[in-house]
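Below is the structure I would like to discuss, written out as structure tokens.
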Amino acid sequence: MTQTRARAAAENNFEKYLEDISGKLSTLDEKFENISEIVHRLEERIESSDNKLDLIIRDNNLKQTFDKVPVSENEANITFDTNANLILQRRQTHDNNDEAYQKRREIGHFWKKMLNERKQAYWNAIRSESLANTYEQWRHKKEVILPRKYRIKPINKESDEETKIRMTLALQRFDAEITLLRIRVPKYKERFEECDTKMREEITKRYSDNVQSKLLEIWTADVNRESAKSESILESKKKWLDEYERTYGKEIVKNRKVNRQKKREYNVTTNSQMDSEQTYAKVLQSERDDNERDRINRKRFNRSDSNTEDNLESRPNQESTYERRNNGRMSGYKHRERQGFRVSEQNGNENLNRNCTEHNPSDRHFLERRKFHRGRQKTFMFKRF
């Protein structure tokens, strides 16, 4: 029963740790989203500022050019009208861009959701297609190259027939995975195309033509950026697969039984550590309970014992209320000397150095008592010699 309770307590502690970790991770995720949103806003503002700065610089250059080149009055008027129209058009474009980014923030939740779903579907599609092509090449080689999860491990004293059966089963599983990957590719492609369609429909339904075109441009830019990230990750995966194909048959395949044994030993060690921690926690709790009882008894003693210093000297052999309640009782800490205490006066210049054997506290804590003597408050503290 003790082992069962300890194991249940360890499982409860483990669940609490997992809950704390999940809560902290969710908090970090929310903070990361807020930071990314702020960074994106800063990027938008920087881009808008750069565009306005370019416009100002170009206008200044055009003005300097007109001042230097001598032209007729009609040509100057025509050129001025053309430049004015160009400036107005560019300003209108910038206004449309600002409005488009503002509208994008209005549908930010839906935008991020569709972008994330499309990113996952696109990654699954290109990954499945790439793996299917690689696996088919490995399958049709003269010496079949199996993925690591399908490779058979050597077993001592196993016959050739059993090895062939296990090899046949591994090849069947390999063929089944290739077929599944081929089937999943069109499903993933249909999914990310559906995300594009939903996004276009949402933009068309909500906004006017100018904002629509700009929002679709922004959506295309975000999609291309995420697709480029997925393709770069896929390139690194392909390099790893090429290296695996090059070193196939030269690496050592470890036996899982060794790892299981190590894992079993690790679990035994971890459980023993958790049991010891649980025992130590119980000891600490018992110490806290004992200290709390001593504190309560000390308060009762201070309330009940209202005698003066002279009365204490007149009856040195009589046990106090505190001693009667705590005589022979151990606290959570180790045993200490219980005899030989002296009283020192803190608020006066005298040191009484008087042996007070009538009080014998049961713990190592200082016992503080307040008394009124000759019209002023004095504090006496029992200390060891």
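No value in this document is a laboratory result; all are computed from the given coordinates. Predicted, not measured: the structure shown is a model, and the values here were computed from it. Cβ placement follows ideal geometry from the backbone for every residue including glycine, while neighbour counts extend to all protein chains displayed.
What is the calculated FRET efficiency for R173 to L42, with r their C-beta to C-beta distance and R₀ = 45 Å, to the nearest 0.05?
E between R173 and L42, to the nearest 0.05, is 0.35.
Along the Cα→Cβ direction, 7 angstrom out, place labels at S227 and L25. What is the inter-label distance in nm?
3.2
Taking a threshold of 21 Å on the Cα-Cα distance, which of the pairs K31/K113; K229/K250; K31/K52 fall above it?
Working: K31/K113 17 Å; K229/K250 33 Å; K31/K52 32 Å.
Beyond 21 Å: K229/K250; K31/K52.
Still on this structure, please answer the following. How far apart, in nm, are the 7 Å Cα→Cβ label points at R191 and Y244?
2.1
Still on this structure: Can you compute the FRET efficiency between R105 and E143 using 1/(1 + (r/R0)^6), with r the Cβ-Cβ distance and R0 = 45 Å? Round to the nearest 0.05.
0.20
Same structure, new question: How many nm is it between the label spots at R206 and R184, if each spot is 7 Å from the Cα in line with the beta carbon?
Going from the R206 label point to the R184 one covers 3.2 nm.
Between E136 and S159, what FRET efficiency comes out of the Förster formula 1/(1 + (r/R0)^6) with R0 = 30 Å and r the beta carbon distance, rounded to 0.05?
Plugging the Cβ-Cβ distance into 1/(1 + (r/R0)^6) gives 0.45.
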